[in-house]
Every structure is written in C-alpha cells, then in structure tokens.
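Report on one structure; see the data block that follows.
The values are calculated or read from the model by the stated rules, or taken from the named source; none is laboratory data. What you see is a predicted model; the values in this text were computed from it and never measured. A quick note on method: Cβ atoms are made from the backbone with ideal geometry, for glycine too, and the neighbour counts reach across all protein chains shown. When the accessible area is computed, the model is the full protein with side chains, heavy atoms only, and any ligands, DNA or RNA have been set aside. Shrake-Rupley method; radii C 1.70, N 1.55, O 1.52, S 1.80 Å.
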Amino acid sequence: MSLSKLSVSLLALAAGSAVGADLPSITAKGSKFFYPNGTQFFIKGVAYQQDVGQAGASTSGNSTFIDPLANEASCKRDIPLLQQLGTNVIRTYAIDPKADHSACMSLLNDAGIYVFSDLGEPALSINRDTPSWNTDLFARYKAVVDELQQYPNVIGYFAGNEVSNAKNNTGASAYVKAAVRDTKAYIKSKKYRWQGVGYAANDDVDIRAEIADYFNCGDQDEAIDFWGYNIYSWCGQSSMQKSGYDEQTTFFSNYSVPVFFAEYGCNLPSGAANRIFQETAALYSDDMTAVFSGGIVYMYFEEANDYGLVTLKGNSVTKLKDFSALQTQVTKADPKGVDESDYKPVNKPASCPALTDDWQAGSNLPPVPDQSLCTCMQNSLSCVRSDDLDTKDYGEIFGFICGKNPKVCAGINGDAANGVYGAYSMCDDSAKLDYVLDTYYQSQSKAASACDFNGQAQVVNAKPASSCSAALASAAAINKQAATATSPVGGGSTADSDSSTSSSAAVAGRPVAHLLSMGEMSMALYMGVAMLVGASMIVL
C-alpha cells in the first residue's frame with residue numbers, strides 16, 4: 001500500500017477531524033470492497049438498533065420500531081462510544097423512509113462510520129411461511145433506497161435477513177432474490193451511485209451451501225452484490241477448527257462477491273457481558289482476510305436476548321464488560337488487504353443448486369411488482385370487496401373460494417419450486433382479494449348470491465381502461481397457463497424491473513418478538529383454512 005493511499009484511508013477512518021467532508025463512497029470489485037483510492041475496505045461493524053422484530057417470521061401485528069437514524073440526541077450519545085470501539089460500519093434493521101436522517105447521517109459521516117441497512121421493517125417484509133414479493137413491499141424498498149442513497153456513507157442494503165432459515169421454507173428465497181433483482185434494477189434506473197444489494201443468511205447446516213449458491217448463481221443482474229453471514233459458532237475460548245471458521249473460509253474462498261459476517265458474537269457460555277471476542281482477532285487475521293471482508297458484532301444495545309455492549313436506562317448508556325473486550329480486539333486488528341490495481345478477480349458465480357427435498361427454490365423468479373397492472377385489473381372487475389371490509393376478514397374469504405375452486409386462485413398464487421407464478425401474485429392483498437372475488441363471481445355465472453359473502457363483497461360497474469387491454473389479455477393468458485403448469489410460467493426478469501412501483505421475519509441475531517402485518521395474517525389464515533370450506537358465513 002502506498003503512503004498516499006494509507007493517508008487517505010486513515011483520513012476516512014478519522015473523519016471527525018474533517019467535519020463537513022463527505023466520506024469516500026465504498027464500491028465492490030470481485031469479492032472485495034474498496035475505497036475510491038484503491039485501498040481495500042474491511043468492515044469493523046456493530047449492529048445498531050433497539051429490539052425490533054425482523055423480516056421473515058410470523059408475528060403479532062404490532063409494527064412499531066425505533067428508527068435508530070432519526071434521533072439526533074441518541075446519535076450524539078452513541079456515536080462517540082461507537083468510535084471508541086473502532087467502529088467503521090453500523091447495521092440498521094428498519095428505518096422510517098419518511099423521517100429526517102440528515103443529522104444522524106452527518107454525525108456518522110464525521111465519525112468515519114458507514115451504514116448497511118435492511119430494506120424491510122417488522123410488519124412489511126418477506127414472510128418465510130407465506131412468502132410474497134408484491135407492490136407494497138417494493139414500494140417500501142424503493143422508499144428506503146430513495147431516502148438513504150443521498151448519503152455517501154451508505155454502502156448498501158439487505159433485501160432480507162434469515163428469511164429461509166431451515167429446509168422447510170427454502171421456497172421463500174425465490175421471493176427474496178426477486179427483491180434483490182428489482183432493487184438493483186431500480187437503483188440503476190434512477191442512476192444512483194453504486195450501492196450494493198445483498199442478503200443475510202443464518203448458519204443452518206442443512207441449507208448453508210445451497211442458499212449461498214442460490215443467491216450468487218445465474219444472471220448477475222438478479223444475484224446479490226454481497227453476502228452477509230449471521231454466524232454464532234465461535235463461543236468463548238475456541239479455534240478456527242472447533243468453531244468451523246476454517247470450513248467457512250474454505251467454502252467462501254471461491255465466492256465471486258464480498259462476504260462478511262452480517263452478525264457475530266456468540267454469548268455462550270456466560271452471557272453477553274462475558275464475551276471475550278476471541279473470534280474478532282481471527283476474523284481480521286491472515287487466515288481469514290483473503291476471503292472475508294470483516295464483520296458486524298451483534299449488538300450495541302442490551303436487550304432481553306442478552307447480546308448487548310451497553311445498557312440503556314432512560315437516555316443514559318452504561319458500558320458492559322464486553323464493550324472493553326471488543327474495543328481491545330478491534331483496535332488492535334490490522335487486516336492486510338490488497339490494492340485494487342493489483343487485484344484481478346478470478347472467482348466465478350456459483351452454479352444454481354438443484355431442486356431436492358431440502359431445497360425448493362427454482363431459478364425462475366416471481367414477477368416484478370407492477371402497480372399499474374394491478375390497478376388495471378381492479379378497474380376491470382365487477383365483484384370486489386366491500387368498502388368497509390377489514391383486512392382481518394380477508395383470510396376466511398380466500399380460504400372458502402380457493403378451497404372450493406383452487407384454479408380460481410391460480411392468478412394470485414406462486415410455486416417457487418416449479419417457477420409458476422400467477423400474473424397477479426405480485427399485487428397487494430386487497431387487489432388479490434378483488435381478483436379472487438370477481439373470478440369466483442364470473443365462474444358462478446354472475447349469480448347475485450356469488451358476490452355477497454354476508455355483505456363483505458359488492459357488485460360494481462367495471463371501468464376498464466382501453467390502455468389496459470393488452471396487459472390484461474397477457475395476464476389472463478398467464479393465469480390460464482398457471483392453473484395447470486408444472487414448469488416455469490409468469491416469472492419476472494430484470495428487463496421488467498422498471499415497470500412498477502408479510503412477516504415469518506427472521507430474528508436479528510437471536511429470538512425476539514416478531515411482528516406480522518394484517519395482510520400477511522390474511523394470507524396465513526387463507527393457507528390455514530383453505531381446506532375447511534365451511535360456507536356458513538357465505539350466502540350462496
């Protein structure tokens with residue numbers, strides 16, 4: 001490394017001395033991150049957010065969370081402590097895209113700290129049990145990108161966190177990969193600077209290889225820009241061999257994009273306060289830095305799951321014992337990188353995993369969410385939900401109709417293994433219910449009783465726009481095929497990604513309370529009652 005480049009890197013890390021100067025934006029080349037001057041960038045990170053239910057698991061319906069980047073007083077309190085830890089990256093799990101983040105982002109910038117942020121939020125994420133990639137989710141993802149892209153110290157985004165976390169829910173990964181595809185295409189279409197879109201996976205022995213390969217394989221416009229690994233296998237006194245770090249280093253040695261620990265910091269055997277962070281020294285040692293780009297410690301705040309570095313009482317924080325342990329390990333870490341001009345990437349994207357009993361996500365991805373098509377469809381319908389129908393009542397109607405005649409619901413369903421997706425599978429739950437109600441109504445020869453459902457549905461005058469004719473005809477053809485297809489139908493591609501525009505949420509770190517949106521509960525209820533077609537609530 002040249003002296004001039006070293007000076008630029010040190011300036012970035014000590015940016016507080018140059019208040020007002022933007023941090024140099026990080027980019028990726030091959031399997032490594034770099035500063036603009038060619039110096040390799042290693043993540044020395046901390047997860048920074050108070051307890052929040054994360055994208056992927058079934059939850060209770062409470063969607064509140066604390067945006068960690070929207071409270072200037074909290075940032076002024078915490079950022080000096082993050083600096084003491086030698087932090088150059090924080091990870092946030094949910095932000096409010098309508099909030100003002102300028103104060104905190106400026107403070108982070110001046111402290112030399114970059115940001116990775118998850119794109120979902122507790123009540124609006126891809127649900128591992130009833131996965132969907134729809135217009136509401138895409139609108140949320142785009143809003144987060146639009147808000148954060150203005151800050152040069154944002155490196156990238158996680159499209160999901162531990163969504164597929166076991167061999168019985170791998171199909172959900174197809175929906176997350178679609179989210180990666182569309183978010184990348186959106187960033188490109190807006191001509192924003194490079195910002196990566198990646199995924200954070202748990203360390204599940206049954207699917208760890210398949211899921212890493214899946215998100216890296218195929219068309220690179222659909223593949224992740226970086227891979228985050230949530231790993232807690234090094235606990236207390238351990239070693240590369242005992243923890244399995246040696247095996248992970250070998251596995252990812254051929255990965256074609258940057259890999260880092262998106263969460264780490266096992267709290268066994270004696271709780272968070274007694275963590276010694278021996279693994280931190282290993283992570284930045286020569287044994288691992290040729291493959292891994294550092295990691296993010298879980299987490300700053302002490303919560304019920306006992307992974308904190310500080311305790312928060314009122315507006316005051318107190319350091320725990322593991323704060324000093326991490327500080328010692330990070331500040332003495334001196335990872336050896338490669339100069340970008342000398343780095344010639346040779347790793348190739350992985351081969352896509354075959355479909356097996358343990359892996360059920362195919363390469364044909366769900367369609368790009370297209371609000372204009374969903375609106376065209378709704379305007380063309382004659383039977384729709386009543387104006388005052390509560391979302392909690394959707395599930396029973398879905399269950400009755402789809403249980404009575406599954407082909408009626410082919411247009412809203414998806415099959416990740418076979419790559420079969422109804423044209424309206426990307427619409428929100430209200431639009432899907434309208435479609436199902438009308439399709440059922442039409443199948444019953446427009447009998448008045450077929451659009452009643454005890455006053456929960458109503459007949460309306462269809463107002464199809466002539467400009468929608470071709471799109472609706474194409475959707476109808478797809479839905480007809482989807483009703484019987486066992487091979488790819490109705491998927492999306494990167495060429496479609498500019499057209500528009502849930503929570504079996506994964507835990508951030510370890511088990512916490514999760515949150516489920518009402519729409520997700522409706523669809524979950526539909527799945528649960530589809531075979532129980534008790535028609536007593538429906539007037540036929």
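Data for the structure
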quantity	calculated
Accessible surface ranking that places the most exposed of TYR440, TYR186 first, with a 1.4 angstrom probe	TYR186, TYR440
Longest to shortest principal axis, alpha-carbon extents of the stretch 27-342, angstrom	45, 45, 43
Distribution of pairwise C-alpha distances over the stretch 326-440, 5 Å bins, in %	2, 9, 14, 14, 12, 9, 6, 6, 6, 6, 6, 6, 4, 0
Alpha-carbon centroid distance for the pair the stretch 423-490 / the stretch 185-212, whole angstrom	33
Table column - 3J(HN,Hα) (Hz), the stretch 129-146, Karplus curve with 6.51, -1.76, 1.60, x for Gly and Pro	8, 10, x, 7, 10, 10, 4, 5, 5, 5, 4, 4, 4, 5, 5, 5, 4, 4
Convex hull volume per residue in cubic angstrom - Cα atoms of the stretch 101-251	142
Amide H within-cut-off set for TYR229, under 5 Å, with H built and near neighbours excluded	ALA201, PHE260, PHE261, ALA262, GLU263
Computed accessible area, ILE113, all protein chains, 1.4 angstrom probe, square angstrom	0
Under-5 Å amide H pairs with GLY218, H placed in peptide plane, nonlocal only	CYS352
Rounded to the nearest 20 debye, dipole of the stretch 323-383 from Cβ charges on Lys, Arg, Asp, Glu	100
Cα-based equivalent ellipsoid of the chain: semi-axis lengths in Å, sorted from largest, via gyration tensor	44, 23, 22
Qualifying lysines (Cα of each under 24 Å from Cα of LYS348; at least 8 residues distant if same chain)	LYS29, LYS32, LYS177, LYS184, LYS188, LYS336
Heavy-atom SASA rank of LEU137, LEU389 (probe 1.4 Å, accessible area, largest first)	LEU389, LEU137
Long-range HN-HN contacts of TYR114 with modeled amide H, under 5 Å	VAL89, ILE90
Rg and Dmax [Cα atoms of the stretch 369-410; Å; Rg one decimal, Dmax integer]	12.1, 30
Phi-based couplings in Hz for the stretch 248-255 (Karplus 6.51, -1.76, 1.60; Gly and Pro marked x)	5, 5, 5, 4, 8, 5, 9, 6
The stretch 209-218 - phi-based ³J(HN,Hα) in whole Hz, Karplus 6.51/-1.76/1.60, Gly and Pro as x	6, 4, 6, 5, 5, 4, 6, 9, 8, x
